[in-house]
Structures are given as C-alpha cells and as structure tokens.
There are 2 protein chains.
Amino acid sequence: MRLTYDQITRELTRVLVKSGMAQDAAAESAGLFADNTLDGIASHGVNRFPRVISYLEKGYIDLAAKPSKVASLGALEKWDGNLGMGNLNARFCMNRAMELAGEYGIGAVALRNTNHWMRGGAYGWQAAEAGYVGICWTNTQPNMPAWGAMDRRIGNNPFIVGLPRREGPVVLDAALAQYSYGKIEEALYAGRQLPYPGGYNEAGELTTDPAEIMKTWRVIPIGFWKGSGMSIVLDLLAAVLAEGNSTYDIGQLSDDEYALSQVFISIDIRRATSEAYAEKLMNDAIADIKASVPVSDEAAIMYPGERALRTRRQNSEHGIDVEESVWSTITAM
Amino acid sequence: MRLTYDQITRELTRVLVKSGMAQDAAAESAGLFADNTLDGIASHGVNRFPRVISYLEKGYIDLAAKPSKVASLGALEKWDGNLGMGNLNARFCMNRAMELAGEYGIGAVALRNTNHWMRGGAYGWQAAEAGYVGICWTNTQPNMPAWGAMDRRIGNNPFIVGLPRREGPVVLDAALAQYSYGKIEEALYAGRQLPYPGGYNEAGELTTDPAEIMKTWRVIPIGFWKGSGMSIVLDLLAAVLAEGNSTYDIGQLSDDEYALSQVFISIDIRRATSEAYAEKLMNDAIADIKASVPVSDEAAIMYPGERALRTRRQNSEHGIDVEESVWSTITAM
C-alpha cells in the first residue's frame, strides 16, 4: 500500500503519544521514522517501529528522558542519553555537535546510555542538509564474529559521513557487516541468493545462501579482517569517549540492544571552504566517477546518498510503499 | 639481512641530506621510514624509499618546504603542505591536531598539497603513543574502480584510527582496497593465490589469482559497494576541507601521485575520560574478543595494532629483516 509522509507521521505520533511520550517529542521521533521510510529504508522506519514499541514496553526506553550534559572540554562534550528514545537522542547530539562546530570549526559529542538510533544515515543527512559535515557512528550488541572467530563478539557498528552539496548531499551510511540481518532474511524469504558472499556455511566455506548463513550466523565484516578491525576500534573509541558501554558490555546486559555508545562529529565546512570551491570540486569528481566505463549495461555507478535521494523524490511523488501487515500492526496499536 | 633501527635511520638520513634535505628534517623523515620498517611495513619503509628519492628527482617533492597555515577556525585549521616531504607534513599536522585537541578537547587539521605519507598508521601510533586519539585519512591517485565500474577513478584512501592503551595502542590502518598493489604483486612473485578474492579477471569474475587481477587491475574495494562509497566520501571531505585536490584532480596532474589532500583529527581522550576507566573497558573488550571460538587451530584473533607491536618487539630484539637488493640500492645512492 502507498501512504503519504503525513499519514505515516500522524499514525506513529499517535502510537507514541498513547505509549506515554509528550506530543512534541512524539511528532519529532515519528518524523524520523517517516523520513527513513520515505528514503527507502523501511527496515529502520515503519518496519522497525513495532520492535521499538516492544522495547518501550520492556522498559529499555524511557520515553520521558532527555539527554543531559556530563562534561565539556570546549569543542568536545560528553552527554548521557539516560536511555531515552534513540533517534531523538541522536538527532539532539548531532545538532549539538553542529552548534559546537559553529563555534570552534569542529565539534564533537560522545553519547552514552542511548538506544538504537534506527538509521544512522539520518544524522549524516541532518548535518549535510544544514550545511555541515556530519560524521557519526554507533556501537551495537555483539552481532558479528571478529575475523578468525566463529562466535559473534563484535558489532556491525554503522559509520556515517555526510557532506552538504546543492544537487544532493553526499552521505555514506555503511554498517560494517557485508549484509544486515534484514538483507539476509529478505533474500531467504524471496528465495534468492545474495549477490556476493555474506557469511560462512557449516562447513566453514563462504556462501551466498541465506539459509546456510542463518545456520551459523557467521556473517562477514566488510573487507574481512579490515572491517573486523574497524568495528573494534570504533566500538572502543565510542565507549571510552562516552564513558559508556562497549559492545562487550552491551552483550553482558541482556540479549536485547540498549544502552549504546555513539559519537557525533560535525565540521562547519561552509566557513572552512567557499561553497563555490566545494561545489565545483564535488561536481567534477562525481561527474568523473559517473563517467566510468560500466561493467554492464545495468550497472549503476553511484555516489553515496544518490539512491536515497532518488527514492525520496519518487516516494514523495507517488507515495511511500508500506507493507500492509506492518501497517495493520501499527494501526492496531 | 638483518639491520638495526639505527643503521637504517643513519643510512636514510645520509641519502636525504645528500639529496639536499636539512640534517634535522632528514633525521626525522628517516626515522619515520625506519619506524615503518621496524613495525613490519617495509613496503612503506625502506622498500619505498628509492621511489621517494625518484619523486624528489622528478621535482614532485620540495625538500626545503615546510607546511604553512592557511586558515584557522579555532579547533579546525587548514594548512598547505607546499609539496614538502609527505611523512614530515603528516607528522607535523597530527602533532598540530593534538595541540588543538589539548586546547579544545578535539582538534582537526586539513592539509593540501602534500605528498605520500607512506604508512598512514604511523600517525595513528604517533597520537596514541602521546596519549591522544588520532583519526586521519588521505586521498590518493585514482587506483581502484568505483563499484560498478571497469576503470580506476577512485582512490584506496587509507583510513586510520588510533587509541592509547598501556598494554599496546589500538591502531587501525585500513586502505579501502581489499589488497594493496604490493600484496597482489607479492602473491604473484611467490606463486601464491590470494587468500580471498581481490579483484576481477578479464571474464568479469572475482578471482584470487594475482596474475588475472593484474591483467585488468580491476581491484575490489573492501565490502564491494561499501568501500567504494567510503572512498568517495573520504576523498571529497579531505579535498573540500583542505581546499586541495580530489582523487580526480590528482589524476589530472600526472600519472604519479603527489599534491594530495589529508585530514588529521585528534581528541584529548585523557582529559575526556579517566585512564582507569578507559584501560578497564578496552582490556575487558579485547580479552572477550580474543576469547572467541577460533575458526581453526591456526586462526589468530587480533585487535588492530597487535601485529605491528609484536613485530616491533621481535625486530627490536633480533634486528630488522631488509631485502639485500633494496639495501644495496639505498647504500649506492
């Protein structure tokens, strides 16, 4: 079924308010779920919403909590998320990092005790659409084996970098697993193989078969040992800087995912570099990349953020495709 | 042959001074080449030294140049490398980022018109050994196809994150290609296959055969489309922030690699978080990761930086293994 952005926002706001959230906060959080759905990331939009409500019922998310400042070193601040709504905490902290960048050129916020931010890219878009650079990452519960390991002890820790650009921001949003659990499940339900190996089978061989990967959950990091190392260092940096939980600590708390550590860095790039220089440089580079010789007639050579923007425009025009079963779950709440 | 750290430093210093570099700068630069060799990264240590001398003879590197400040926004500064020696410029800028971090909590330097920094990890180690977080990356000449492309138009843009830790810093040093050109050539000369696919053959299939990859040079980014996106956004951010060259611009200059853009970010983590908290958190997390169930008896489950430190200790004790042909080239200079 196709819904408008406003229909989605209104309905999610209703459920959040009914669950006990203040009207303003509910509308802002609902808007973030709707944004992700609009951009084609329903997995962290409406599809994820029922699980968030269940976390709320389990007591992991404190709907009334607001982030509080723990320490300031000038351009660097440490905040406690007080287990409030993850997307609101993240949006608040990227905004605070932008304020610090406005003052110091660069600013950073380390955030502890927060909840799942849903789609990390949202905060890269937030900064880029405001004319700032946004860099952020989160740790997660243990969901991926370290390189050389069978069992899952590191996180897929999404890493986001966003840059403002008039024709469309450049926004990378890359989790450090080759495929998300969602993508692997999606391939299984669709009876498809993954396009490239996504994990190991029980015989210890790389496989594109989602059913085989789901037997071991031995998913692979991007670049094998490289993504494993990237996951470890980003986790440790976020947890140490925020004086929060590491992926290991999160795994000790429960089998669910809460009390995460995140980092938000922003740069006031408009003050650092003239927009004319930046636009020409980015446009020339992107034009060159897009002029590559494609590997096939179907190959799309894209810059990061291009697909989300295209999807956003299509969905704005034609309505947002939402699974009926998901929508009826939400409307019944 | 096995050489001491001092032997390597003395000999490289001699060649740099003979080439026209001031004694102090030569000794510092030679020390960085020796450090990389000591840590087991000879590809960006002594093995690369003759090419650096050839770049100097071609006029790409100005041995007398020092970096100059272009602009300051407080915690963020823009510097011009004036085409000076790449490793000295990088070391200087990480040091400057650390000074800014000391003042503001976080500090950043964008550097343009610099030369190859050799081993990016060196600057992560530099920050970590001084008790700071160091994050840095560089762009490169076009050396990798974007995802979906046949021809090389993006860079492998190494990304480095270093954290201080008493038992041994955690330092990630990850180029965004699955394998470096050096590793592919090494496998070819050794008559070995790569352990995992590193690129495409002429039929457009992923292959572990170095000879097949060298026919196309269609090397793969880490995580396929993910590393491609990461390369693009890190390149654009470095070039825009430094008002320097993008990978595209670098490719327009020549077939060689110079006039690069780099970013150095540092965080004064010792002021942000107590060392006791940081040490316990990192040690617990690393102990947990290393306690993973290994995939085989030979599997080594490592944290980033662990191997370099081990190699450094072994080489410090037993001498540094240097290829005789490389050494005789250098001593003949």
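The values are calculated or read from the model by the stated rules, or taken from the named source; none is laboratory data. Remember, predicted model here, so these are calculated numbers, not experimental data. Please note: Cβ atoms are built from the backbone with ideal geometry, for glycine as well, and neighbour counts cover all protein chains shown.
Among the residues of segment B:235-252, are any more than 7 Å from chain A (Cβ to nearest Cβ) and closer than 30 Å to A:Gly244 by Cβ? Yes, some residue in segment B:235-252 is more than 7 Å from chain A (Cβ to nearest Cβ) and closer than 30 Å to A:Gly244 by Cβ. Among the residues of segment B:308-318 satisfying the criterion of being touching a residue at least 24 places away in the same chain (Cβ under 8 Å) and loosely packed, with under 15 Cβ neighbours inside 10 Å, which is nearest to the other protein chains (Cβ to nearest Cβ)? Per the criteria, the residue is B:Ser316.
Residues in segment A:66-85 that are closer than 20 Å to A:Thr13 by Cβ and touching a residue at least 60 places away in the same chain (Cβ under 8 Å): A:Met85 only. What residue, of A:Ala25, A:Ala75, is more than 24 Å from A:Glu324 (Cβ to Cβ), crowded, with 18+ Cβ neighbours inside 10 Å and in contact with a strand residue (DSSP E or B) (Cβ under 7 Å, 6 or more places away or on another chain)? When all the criteria are applied, what remains is A:Ala75. Does segment B:114-137 contain at least one residue that is within 26 Å of B:Gly319 (Cα to Cα), of a type outside the set (Lys, Arg), surrounded by fewer than 20 Cβ atoms within 10 Å (Cβ to Cβ) and modelled with pLDDT of 95 or more? The answer is yes; a qualifying residue exists.
Rundown of residues vs (1) out of contact with any strand residue (DSSP E or B) (no Cβ under 6 Å at 6 or more places or on another chain); (2) assigned to a strand (DSSP E or B), yes/no style:
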residue	(1), (2)
B:Gly204	yes, no
B:Met214	yes, no
B:Ser231	no, no
B:Gln252	yes, no
B:Gln262	no, yes
B:Ala285	yes, no
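Within segment B:270-285, residues that are at pLDDT 95 or above sit with their Cβ atoms under 9 Å from residues that are surrounded by 15 or more Cβ atoms within 10 Å (Cβ to Cβ) and among the aromatic types (Phe, Trp, Tyr), at 6+ positions apart or across chains, in these pairs: B:Arg270/B:Tyr132; B:Leu281/A:Tyr248; B:Met282/B:Tyr303; B:Asp284/A:Tyr248; B:Ala285/A:Tyr248; B:Ala285/B:Tyr303.
Among the candidates A:Asn95, A:Asn87, A:Asn82, the residue that is modelled with pLDDT of 95 or more, more than 13 Å from A:Ile267 (Cβ to Cβ), outside the structural domain of A:Thr37 (by TED's automatic domain parsing) and crowded, with 24+ Cβ neighbours inside 10 Å is uniquely A:Asn87.
Looking at B:Gly162, B:Gly102, B:Gly155, just one residue is of a type in the set (Gly, Ala, Ser), surrounded by 24 or more Cβ atoms within 10 Å (Cβ to Cβ) and within 26 Å of A:Ala75 (Cα to Cα), and that residue is B:Gly162. Only one residue in A:Leu63, A:Leu38, A:Leu56, A:Leu88 is of a type in the set (A, V, I, L, M, F, W, C), in contact (Cβ under 8 Å) with a residue 24 or more places away in the chain, more than 14 Å from chain B (Cβ to nearest Cβ) and within 17 Å of A:Gln262 (Cα to Cα), so which one is that? Within the list A:Leu63, A:Leu38, A:Leu56, A:Leu88, the selection yields A:Leu88. Is it true that some residue in segment B:57-78 is closer than 25 Å to B:Gly131 by Cβ and among the basic types (Lys, Arg)? Within segment B:57-78 (the criterion being closer than 25 Å to B:Gly131 by Cβ and among the basic types (Lys, Arg)), the answer is yes, since at least one residue qualifies.
Kindly indicate whether any position in segment A:314-329 is part of a helix (DSSP H, G or I), touching a helix residue (DSSP H, G or I) at 6+ places or on another chain (Cβ under 6 Å) and among the aliphatic types (A, V, I, L, M). Yes, segment A:314-329 contains at least one residue that is part of a helix (DSSP H, G or I), touching a helix residue (DSSP H, G or I) at 6+ places or on another chain (Cβ under 6 Å) and among the aliphatic types (A, V, I, L, M).
Residue-level check: of (1) assigned to a strand (DSSP E or B); (2) among the charged types (D, E, K, R); (3) free of Cβ contacts under 8 Å to residues at least 12 places away in the same chain, A:Lys226 misses just (1). From the list A:Arg153, A:Arg119, A:Arg112, the one residue that fits, being under 19 Å from A:Leu32 (Cβ atoms), of a type outside the set (A, V, I, L, M, F, W, C) and touching a Gly at 6+ places or on another chain (Cβ under 9 Å), is A:Arg119. Residues that are over 25 Å from the mean Cα position of the chain (by Cα) and β-branched (Val, Ile, Thr) were ranked within segment B:275-295; the one that is nearest to B:Tyr5 (Cα to Cα) is B:Ile289. All of B:Ala242, B:Ala238, B:Ala276, B:Ala259 fail the test of being surrounded by fewer than 24 Cβ atoms within 10 Å (Cβ to Cβ) and under 23 Å from B:Ala122 (Cα atoms), apart from B:Ala259. The residue of segment B:264-283 that is farthest from A:Ile265 (Cα to Cα), among those that are more than 7 Å from chain A (Cβ to nearest Cβ) and in a strand (DSSP E or B), is B:Phe264.
Of all residues in segment B:287-306, those satisfying the criterion of being part of a loop (DSSP other than H, G, I, E, B) and either facing chain A (nearest Cβ under 7 Å) or of a type in the set (Phe, Trp, Tyr) (or both) are B:Ser292, B:Val293, B:Val295, B:Ala299, B:Ala300, B:Ile301, B:Tyr303, B:Pro304. Selection of segment A:296-328 for residues being closer than 22 Å to B:Asp151 by Cα and more than 22 Å from the chain's Cα centre (by Cα) yields A:Ser296, A:Asp297, A:Glu298, A:Ala299, A:Ala300, A:Ile301. If the condition is being more than 7 Å from chain B (Cβ to nearest Cβ) and either in contact with an Asp or Glu (Cβ under 6 Å, 6 or more places away or on another chain) or over 11 Å from A:Trp147 (Cα atoms) (or both), then segment A:217-233 contributes only A:Trp217. Of the residues making up segment B:242-260, those that are of a type in the set (A, V, I, L, M, F, W, C) and under 14 Å from B:Asn157 (Cβ atoms) are B:Ala242, B:Ile250, B:Leu260. Scanning segment B:145-166 for residues that are more than 9 Å from chain A (Cβ to nearest Cβ) and closer than 12 Å to B:Gly229 by Cα turns up B:Gly155, B:Asn156, B:Asn157.
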